[in-house]
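Below: the structure, in structure tokens.
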């Protein structure tokens, strides 16, 4: 999806950002020794869940600050599609809308925490 192989300045050299494949493999071995009961899929899901906030931040950084317009567009579309749903999908409208759900949660939080609210 984020194929920017023809774009300059957005390609990362593995060593330049501190990623060293050998260290990553060592970390996976450590993960497996700490959680020997997990399958490969369970380990992958756990790692993805644990690292979702930093991945989200990285996607947002790409969508906002990438030097490549193509990368900004692709990252921005990906984030928007995941949060709001793809244009034309009726899945995210009405009471099940992520936006409506978020606004309802914020409203309830404010009501519950307002002076004289139902704390």
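For the reader, a short list of remarks on this structure follows.
- Footprinting exposure proxy for 33, 66 (fewest neighbouring C-beta atoms within 10 Å first): 33, 66
- Computed over the range 14-83, relative contact order equals 16 percent, with contacts defined as Cα pairs under 8 Å that lie 6+ residues apart.
- Exposure proxy ranking, count of Cβ atoms within 10 Å, fewest first, for 71, 43: 43, 71
Any read-out appearing in this document is the output of simple, stated calculations on the displayed coordinates, not a laboratory observation. This is a predicted model, so every value here is computed, not measured. Here Cβ is always computed from backbone atoms with ideal geometry, including for glycine, and neighbour counts include all displayed protein chains.
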